[in-house]
Amino acid sequence: IGNMYFDDERYFNRSYNCYKAAVDIVERNLPDDFNGIFLWGHIENRPYLRALNGLCLILWRQDKFGEALNIAEKLLRICPVDNLGIRFIIDNIKNHEEWAV
């Protein structure tokens, strides 16, 4: 749902809230023995990874570089194959470059 609001600046807060809620729901329900890796090949992992990705992008778009970088680094840590392509934008976030479509 966050994707529906992502492209309209008037609805950034809605987009953020959708992504954040999805991330929070998953993280509250992780098992105690979770090993920290979310493989893209397991389809049930994809909504969480996409929500983290969306949260990273909306924070970057709002010039919240520190928060966006934390999430980008987390995505690379938990999905090391990087199926979402964070490796292509992480330097932009680190360098505080403005969001560009």
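Assorted remarks:
- The local environment of Trp99, defined by Cβ-Cβ distances under 9 Å, has a net charge of -2 under the rule Lys, Arg +1 and Asp, Glu -1.
- Once the 1.4 Å probe is applied to the protein heavy atoms, the chain comes out at 64 Å² accessible per residue.
- Check: the chain dipole with +1 on Lys, Arg Cβ and -1 on Asp, Glu Cβ, in debye: 100 debye
- Kyte-Doolittle at least 0.0, axis length at least 18 Å by Cα - qualifying DSSP helices, the chain: 46-61, 65-78
- DSSP-loop GluC sites (Glu not before Pro) across region 25-101, with at most 11 other Cβ within 10 angstrom: Glu98
- Restricting region 30-101 to chymotrypsin sites (Phe, Trp or Tyr not before Pro) in coil, as DSSP defines it, with at most 12 other Cβ within 10 Å: Phe34
- Solvent-accessible area assigned to carbon and sulfur over the chain amounts to 50 percent, based on a 1.4 Å probe.
The values are calculated or read from the model by the stated rules, or taken from the named source; none is laboratory data. The shown structure was predicted, so the numbers you read here are calculated from the model rather than taken from an experiment. Don't worry about glycine lacking a Cβ; one is built from the backbone with ideal geometry, like all the others, and counts go over all protein chains shown. Ligands, DNA and RNA are stripped out before the accessible areas are found, and what is left, the full protein with its side chains, is counted by its heavy atoms. Shrake-Rupley method; radii C 1.70, N 1.55, O 1.52, S 1.80 Å.
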